[in-house]
Structure formats: structure tokens, C-alpha cells
Amino acid sequence: MSSGRVFAVASGKGGVGKTTTAVNVASVVAEADRSVVLVDYDLGMANVGQVLDVEDPAGATLHDVLAGDAKPLDAVSAAPGDFDVVVGGTDIEDFGRADPSKLRGMADALRSEYDVTIVDTGGGLSHDTTVPLGLADETVLVSTRQAAALENTAKTRDLVERVGGTVRGLVVTRVSGSDVADDDEVAALDVDVLGSIPEDGRVADSERAGEPLVSFAPESPAAVAYRELGYELLGESPPLSFKDGDGEGAGDAQPGAAMAEMMGEGGDAEESSEPSLLSRVTGGLLGSNGKD
């Protein structure tokens, strides 16, 4: 029997891109040829089903499993992005009947079936959110660079340590020139920064389409960053291929190489006749390597 790894994705507050991160990491892990299931463990405000178009949802939900009314694998559905998903119930009655302590048994069942289980926890701090933080092999913290979000992230980090969990690192989302906090405030968290996700309008487009960004707009800046994050969690280097159908640009790349290409960086960039990724994405407005 296989024993897969469980990652919890957590944030100190809502609205920082936690669910978007969980969805896209799941899609990247599937792209890396691992079996993966995403569990929507926001017991009060389940929303994975709102950002993924699950065409044929299972008859049971996570809440049914936690209420003892269904077996763990009965709640598994196929999601866009070639991974599986366990969605939560959306009725207020579902919240009242779910027993958070049953999540451990569900996680054990999923470990035996999947290489990777990703648990999208609820935003903020509550008794419910402590359960996945304690049972996961590693927790990935998600925050914007705003001071209030980072303060809440520090509390989440402390909670993970208090319940005996392990923090893998921090993902900083919605990075732009208008961020409030500086790098010193991020560094003050004293956790590894696993990835920096740029502000990207295609994120909202992908969620309206019900598809992970990394498959909906694979060459968009945030998709490139999410791909590097997913492979970082697997301890591998991402291939320089975005599955756009023609295989152009396929090959192995070192971590950060895709982002460097997007920014038009690299040792031989000025001598290359190929346009950078940023140039292709912006229609030649940026990242043209100095060529007319």
C-alpha cells in the first residue's frame, strides 16, 4: 500500500489567494505525473466548487464523510486539470453536522490512494483549522505582502508549530509595485519563501472559466510562478513546457528559469533570436531583449 504525502494550504485571513494557490498546485502536481486529490476543508465557506467546474460531482461531499454518512472515496470527483477533488457542502446544515476529528481518517484513506493530497483549509484561525495543520506532513502558508495579512500569517505559523505540524514555507501572492509591506516584514516571519505570485488578471478569468490558471493560461506570469511552486514542493525542476499543444520550448529548466525568461533575463538573452516569454505574452511590448 502506498503512503502519499499530505500538504495543508493555510492562510491567516481570507482573500489572499489560498484556494487559488491550492487549485493550481494540484494541477501542477498532476502535470508532473503524480496522482493528486484536492480536499476543500473550509467547513463553513467551501468554495473550491465555485472556482472549478466539476462537471460530474460525486453524490457525497466532504461534509457527508465527516458526518459519517459516506466513505472517503465516495466523495471524490474529477476536476479540470487532471486531478481529483473532494468538494464541501454549501448548506448551513452541512456545517453543523460535520465532525472535524474525522478528517484524520479521511486523510489516511486518501494517502493510500494518491501520491499527494492537498488540503485547502479555511481562512483565518479556528478550532476547525487546527486539525489539518496537525495531520499534514507540511503546511504551506499563503499571504499577500500587506502588513495585516503578514501579521495573521505569523499567528498561523505559530499555530502550526503548536499543534506539532511543520511549516514548509510561505507563498507571497498578488505581488505588485503597490504592495504595502517591504521585504523586511516578509523576512521577519522567519520561514522560507517558496514562491512569489505576481498580480495577474488571468487568475480571475480562469476562475470564471472554472479551470486552473496553469491550464487555462499556461504562459501567464502567475501560471509560470505557480508551476515553479508546484515543482518546488515536489523537489524537482520544472520542465520548460506549458502544454500548449505544440511542445515548443520543451526541455528541463532549473527552478526560477521560467520566471527569468519571463522577465527577459538570462546570460545569452541579447544574442537569442527567440522572443522571451514576457515578450510573447505582451505582444512584444515588454521583454523584447532590446531588439526593435
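Each reported figure results from applying straightforward, stated rules to the coordinates on display, with no laboratory input. No experiment lies behind these values; they were computed from the predicted model shown. We place every Cβ from the backbone using ideal geometry, glycine too, and count neighbours over all the protein chains shown.
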In the range 21-155 the DSSP beta bridges are antiparallel at a rate, in percent to nearest 5, of 30 percent
Quarter of the surface of the C-alpha convex hull for the range 5-245, i.e. direction-averaged projected area in nm², equals 12.1 nm²
Rg (one decimal) and Dmax (whole number) from the Cα set of the range 1-102, in Å, equal 13.3, 38
Residue span Asp158 to Asp192: 0.36 nm per residue of separation minus Cα-Cα distance leaves a gain in nm of 10.8 nm
Over 22 Å (Cα to Cα) among Lys13/Lys155; Lys71/Lys102; Lys13/Lys71 -> Lys13/Lys71
For 114-123, 97-106, 42-51, ranked highest to lowest by mean beta-carbon neighbours within 10 Å, the order is 114-123, 42-51, 97-106
About its Cα centre, the range 5-245 carries a charge dipole, from +1 on Lys and Arg Cβ atoms and -1 on Asp and Glu Cβ atoms, whose size in debye to the nearest 20 is 420 debye
The Cα radius of gyration of the range 1-53, divided by 2.2 N^0.38 Å with N its residue count, comes to 1.21
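Taking 1 over the mean of 1/r across every pair of different Cα atoms in the range 42-81, what Kirkwood radius in Å do you get?
10.8 Å
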Contour minus Cα-Cα span, Asp33 to Glu93, at 0.36 nm per residue, comes to 17.8 nm
